[in-house]
Amino acid sequence: MATRRNRQRKATRKLLPLAEPRLLFAHEQKLEDPKDGLLLFGPPKSHPAIEYGVIGTEEGIAQFKAWAAKLAGAIDADPKVGSSVMFPGFETAFRTGWNADPRVSITVDADDLDRTIRNRDAHQRVYDAVDLFAGPIRQWVTEEDAKVALWFVVVPEQLWKLCRPNQTISKAEGVTSDTGLSHRNAMALWDAPDLFDDINEAAEKHRYENHFHNQLKAKLLGCEAVTQIVRQTTIAPDAHLNSIGKPIRNLQDAATIAWNLGTAIYYKAGAKPWTLADIRDGVCYIGLVFKRTNSPHDEFEACCGAQMFLHTGEGIVFKGSVGSWASERAGEFHLPREQAADIIRRCVASYRRWHDDTPPREVFIHGKTNFNREEIEGFREGAPDGTQVCGIQIRRPNDLKLFREEGKRGVMRGLALKVDKRNAFLWTSGYVPKLKTYPGREIPTPLKVKIVFGDTPIEQVLDDILALTKLNFNTCIYGDGFPVTLRFADDVGEILTAIPEVSSKPLPFRHYI
């Protein structure tokens, strides 16, 4: 028993409380909570009024316009939700113009959409449903003079339900495909095409991921259209009720939805709602992305990508090469030396364009898998002279829990357990004094942080990771559980492999979320 107590005391002495990162808003004001900063001061830089387009069924567009009108005004906090904060209206929060009427409206025929999403061939169903939305957007972007910063894609709940992986539709409700082509037979036709073109066209659709969100994003990368997919049940919950008169989905309160979507809208329109206030200059963060391609010819084939982020929140996604990067160990990927060097060269070149041709002083590479010797040599080779490179493995293995000895409050966010000079645990989720709550349902699980190579102190690495949890502009929350370098890694990987030929042009991160 005494030995156990000594171990506990020893572990407690190693607990490090990290300061909550501050965010920068207008007038050089620095606060911890993004909602406080936007309410009091607004974003750090002004941005012109947002021009946007909307595409959906006639019903969907009508519901969106009604919601857009509500977004222009104040939305009260829900008194039954402790975390709910009054939304002051889009123009008040973001200090820019918001028009409830979109600049462009494109109507999708509801009957056509219904027939399309009832196709029992899942790959054909999703492919054709995506084209009902992607086709008109591409056409408008390439042919019309009236440009918009953002497209709202308003989708009915049945589309959202059926156009995702592993979704089926019964014979009674569905429409049988003309080809009746199984996925296995479709893959066989990729190498040995059929004599009939319609069969080959049906087989080609099986090369696309049967996920509406990912396929739509991937198909629009070529024309560089930025989208925000909105479910009708989110913006008009009272119009979609179950048999007992309740909304068919459990949603956040209206004010929280407005904060989250409002922040995403502002970011996707090309602006930053906030930036990090105290992070070091001359630093570049890279998150590595890997996704298997499910190639029938190479079970280890995967696509590699990189997400580069600056302290301003600016993010760029680079599609890397495709090759046999996967290993026999599930979830582990490794790059050859030259591919590793190429990723660093491309990211540094992009950094130079943002900083008057000056390279970064430090490059931090974040990955969920470990780095081997060949990759490390490549990363260092790709960096210019004078640029230090540090490789960090970040995982959430769920093999450590920390409990308070007394009191009802959970473990504090920002607490770190230093194991040695290269290893530590970091609680990015936990009790937040500012919010007077822990915004989670289970005992917080820490991130396991390992410096694989590089000489940066572990304390600085932990500070940086905690700061990067505050750059998720897809929502308006106090802090995320993962740094933005890895928070969307799986999602980006899905988009990079959702269609056979994804644009390899580096594009801003907002195209992918």
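The values are calculated or read from the model by the stated rules, or taken from the named source; none is laboratory data. This structure is a prediction, so every number in the text was calculated from the model and none was measured. We place every Cβ from the backbone using ideal geometry, glycine too, and count neighbours over all the protein chains shown.
Filtering ALA69, ALA100 for residues that are farther than 25 Å from THR469 by Cα, surrounded by fewer than 16 Cβ atoms within 10 Å (Cβ to Cβ), touching a helix residue (DSSP H, G or I) at 6+ places or on another chain (Cβ under 7 Å) and without any contact (Cβ under 8 Å) to a residue 40 or more places away in the chain leaves a single hit, ALA100.
For the stretch 467-492, the set of residues classified as assigned to a helix (DSSP H, G or I), surrounded by 24 or more Cβ atoms within 10 Å (Cβ to Cβ) and of a type outside the set (A, V, I, L, M) consists of THR485 only.
The number of residues in the stretch 145-168 that are out of contact with any strand residue (DSSP E or B) (no Cβ under 8 Å at 6 or more places or on another chain), surrounded by fewer than 19 Cβ atoms within 10 Å (Cβ to Cβ) and touching a residue at least 40 places away in the same chain (Cβ under 8 Å) comes to 6. When residues in the stretch 274-308 are screened for being assigned to a loop (DSSP other than H, G, I, E, B), farther than 27 Å from ILE499 by Cα and of a type outside the set (Phe, Trp, Tyr), 6 of them pass.
Yes or no: GLY245 part of a helix (DSSP H, G or I) and more than 22 Å from LEU221 (Cα to Cα)?
So GLY245 does not fit the description; no.
In the stretch 192-210, which residues are assigned to a helix (DSSP H, G or I) and either in contact with a helix residue (DSSP H, G or I) (Cβ under 7 Å, 6 or more places away or on another chain) or modelled with pLDDT of 70 or more (or both)?
First, pick out the residues of the stretch 192-210 that are assigned to a helix (DSSP H, G or I): 197-205.
Those that are assigned to a helix (DSSP H, G or I) and either in contact with a helix residue (DSSP H, G or I) (Cβ under 7 Å, 6 or more places away or on another chain) or modelled with pLDDT of 70 or more (or both): ASP198, ILE199, ASN200, GLU201, ALA202, ALA203, GLU204, LYS205.
Results for (1) surrounded by fewer than 20 Cβ atoms within 10 Å (Cβ to Cβ); (2) in contact with a Leu (Cβ under 7 Å, 6 or more places away or on another chain), shown as yes or no for each residue.
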site: ARG422; (1), (2): yes, no
site: LEU426; (1), (2): no, yes
site: LYS434; (1), (2): yes, no
site: GLU442; (1), (2): yes, no
site: PHE453; (1), (2): yes, no
site: LEU496; (1), (2): no, no
site: ILE499; (1), (2): no, no
site: PRO508; (1), (2): yes, no
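Name the pairs: first residue in the stretch 251-271 and without any contact (Cβ under 8 Å) to a residue 24 or more places away in the chain, second residue part of a helix (DSSP H, G or I) and of a type in the set (Val, Ile, Thr), Cβ to Cβ under 9 Å, at least 6 apart or on different chains? Correct list of pairs: LEU251/THR233; LEU251/THR234; LEU251/ILE257; ILE257/THR234; ILE257/ILE235. Applying the condition of being in contact with a helix residue (DSSP H, G or I) (Cβ under 7 Å, 6 or more places away or on another chain) and either in contact (Cβ under 8 Å) with a residue 40 or more places away in the chain or of a type in the set (S, T, N, Q) (or both) to the stretch 349-363 and asking which residue is nearest to ARG487 (Cα to Cα) yields VAL363.
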